[in-house]
Every structure is written in C-alpha cells, then in structure tokens.
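S.K.: Can you keep this structure in mind? I'll have questions shortly.
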Amino acid sequence: MGEITLVEAVRLALARAMEEDPHVIVLGEDVGADGGVFRATEGLLQRFGNMRVRDTPLSESAIAGVCVGLAAQGFRPVGEIQFMGFIYPAVDQIVSHASRLRNRTRGRLACPMVLRAPYGGGIHAPEHHSESTEAIFAHVPGLKVVIPSSPSRAYGLLLAAIRDPDPVVFLEPKRIYRAFKEDFADDGSALDLGRCFTLREGDDLTYVTWGAMIMETLAAADDLAEDGIRAEVIDVATLKPLDADTILRSVDKTGRLVIVHEAPLTGGFGAEISARVAEGALASLLAPVRRVTGYDTVMPLPKMEHHYMPSKVRILKAARETMEYA
C-alpha cells in the first residue's frame, strides 16, 4: 500500500477487523459522522453503516459499560475514549467489570473488548488531554495494556487486541500519529501481544522505552553510536503482560539499563521494569538502573510542556552517566 502514518494504520486495522468479523463494533464520541477527533475512524461509518459504527453520548462510563455488555453477549466492541485524560469515569466499568468478567463467571463469559485512547503529551493541548497514566491499568489483573510506537506495530497490535478474548486498553501516542510514515501492507497479519521489540542491537547499554519516547531514545542511541557506544533499544509495546525475558536477556548482555517514559517518575511503569531487573539480572548490572521520566507534577501546559517531557539531551545524559559509573 505504500507509506502510511500511525493514525492511518489504526484506521486500516479497524476496517480490516470489521471486514473479517461482523461482531466487531466501533463506538465512541464523534467516531461516526466526524470520524473521530484525530480522524482515526474516518470513513468507517460510510463503509459499515450506523449499526456497527455508533456515536455515543459524552459519557465515558457509558462507553465502557456498553462495551462490557456487548462483549459478554458475543460481540467484539472497540470503544474510543477521546483522550486518556477523559478515561477516569470509565475506570469503574474497566476495573470492576471488564477485567473481572472471566473470573467472576468461572470462564462462562469472556470480555473481548478494546478501549482505545490517544495518550501522552507533545501537542500543546489543554489540561486532561496529555495524560500518561498507563501504570494504573497495568496494575489491574485481567487487563492487557498495549502501546504501539510505529504504524506497523499499531496495525498488528490493534488487530491482535481486537481478536484477543480478554479486555485490552490500547493507548495510542498521539504525538506520533502523523510524525512519520512506514512502508506497509494491509494483509491482516497480527503481532503477538506480550512481546517486546528490539529496534536496535547493542552490547554496551540497554534502553527500554515505549510509545512516543521511541523517537527521542533512538535519536540518543544514534548520538551514542558516534562515540562508539552501542546501545540496544527495546520497545516494550505490551506493558501487560510484560515480556520481561527480552529485557533481562538484554541487561545480561549489556550490564547497563536506562528506562525512558513520559509518565511521572513515582509509581511509573519504569519502576516495575526496574524491579524485575533487580530480581532477575542483578548480578549482571554494572551500574544502577536509571529512569528518565516526566516529573511528579501535572504537565505544565502548554508552553512548558517541552521541559516536562524527556528530551534527547536528558536521555543521553543518563546513558553517559551510566557508562561512566565505576
């Protein structure tokens, strides 16, 4: 098909899933006539009709609740929350019902639903439009949490999420919706959930990151390479279930780990990764694990946003301090 952006890959994955399975239904605020606030669902209403692409009231709790009901009755709903900062009214439905349905019914019912949400900062939006609270959902048993970082991974991971028998929170880094393009084939191939992707091989240092932070981290790895430092870059992609084995193998090889995420430091998912490494690869570490993150404050929108988010400079500084540790 040529080159496409991440948001186009999301749209193609939704269309492919709807073509393949009449039980796939898309619903959310403005997903129909307007095609979504970021145009991720543009054209789906005209193609599949209003029985399968439904505009909803401005009620995130209702969107999630309807998804749970549809999933319990054999459908595969894909609900859109316009921004991750609006997802909190839906938390009761996600945590109390979607994540527990299989356990509550001892396997008689499943909950094959996906909740999509644009997440993260970098577009100078108002408050509540730039949240990165993925760690909240990764803490909930029964949920899967997926964050793509490229068009091909967005396509393959979203198809896998829709086909999965259990609920998935699918967070799309909106800062890179249209930041770059990739060659692409709309062939219906899914990618495995619960798998990290090694984007760059190296044996001196391991970078672990996800979402939009992939761009800055790869740029930092390029700069390190000019100094003769070979950094391995791992895209977590699925935070829950976490592919810890890929991370541990890399740390066993490099002995140094820098974790990068734009969510605040305290309680961020980087702390979970750090703990896994302490438990499984402590003897391999040649330096303390470093985290490069957002700050423990509300993102100072819009003019100070770039100071809040991890930059290539901060990511490089952490790597060089880790390399110099004796």
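The values are calculated or read from the model by the stated rules, or taken from the named source; none is laboratory data. Keep in mind that what you see is a predicted model, and the values were worked out from it rather than measured. Here the Cβ positions follow ideal geometry from the backbone for every residue, glycine too, while neighbour counts run over all protein chains shown.
S.K.: Taking the conditions exactly as written (surrounded by 14 or more Cβ atoms within 10 Å (Cβ to Cβ) and modelled with pLDDT under 95), does His97 satisfy them or not?
M.R.: When the stated conditions are applied, His97 does not pass them.
S.K.: What is the residue count in segment 290-326 for residues that are in contact with a Lys or Arg (Cβ under 8 Å, 6 or more places away or on another chain) and of a type in the set (S, T, N, Q)?
M.R.: The total comes to 1.
S.K.: Okay, moving on. Hey, among Arg195, Arg153, Arg200, Arg175, which residue is on the phi < 0 side of the Ramachandran plot and in contact with a Gly (Cβ under 8 Å, 6 or more places away or on another chain)?
M.R.: None of the others qualify; the one that does is Arg175.
S.K.: From the list Ala33, Ala17, Ala64, Ala40, exactly one residue is free of Cβ contacts under 8 Å to residues at least 40 places away in the same chain and either in a strand (DSSP E or B) or within 22 Å of Lys174 (Cβ to Cβ) (or both). Which is it?
M.R.: On inspection, the qualifying residue turns out to be Ala33.
S.K.: Can you pull out every residue in segment 229-249 that is within 22 Å of Asp192 (Cβ to Cβ), over 17 Å from the mean Cα position of the chain (by Cα) and not in a helix (DSSP H, G or I)?
M.R.: Glu232
S.K.: Among the helices (runs of 4 or more DSSP H) confined wholly to segment 250-326, which include 3 or more residues that are out of contact with any Gly (no Cβ under 8 Å at 6 or more places or on another chain) and either closer than 19 Å to Gly228 by Cα or without any contact (Cβ under 8 Å) to a residue 60 or more places away in the chain (or both)?
M.R.: 269-280, 312-324
S.K.: Among the numbered criteria (1) surrounded by fewer than 16 Cβ atoms within 10 Å (Cβ to Cβ); (2) outside any loop (DSSP other than H, G, I, E, B); (3) not aliphatic (A, V, I, L, M), which one does Pro57 miss?
M.R.: (2)
S.K.: Restricting attention to strands (runs of 3 or more DSSP E) lying wholly within segment 168-228, give those where 2 or more residues are among the small types (Gly, Ala, Ser) and surrounded by 15 or more Cβ atoms within 10 Å (Cβ to Cβ).
M.R.: none
S.K.: Name every residue in segment 62-107 that is more than 24 Å from Gly36 (Cβ to Cβ) and of a type in the set (Gly, Ala, Ser), in order of residue number.
M.R.: Within segment 62-107, Ala72, Gly74, Ser96, Ser99, Gly107 qualify.
S.K.: Let me ask something additional. Can you name every residue in segment 93-150 that is among the small types (Gly, Ala, Ser) and on the phi > 0 side of the Ramachandran plot?
M.R.: Residues satisfying the conditions are Gly107, Gly120, Gly122, Gly142.
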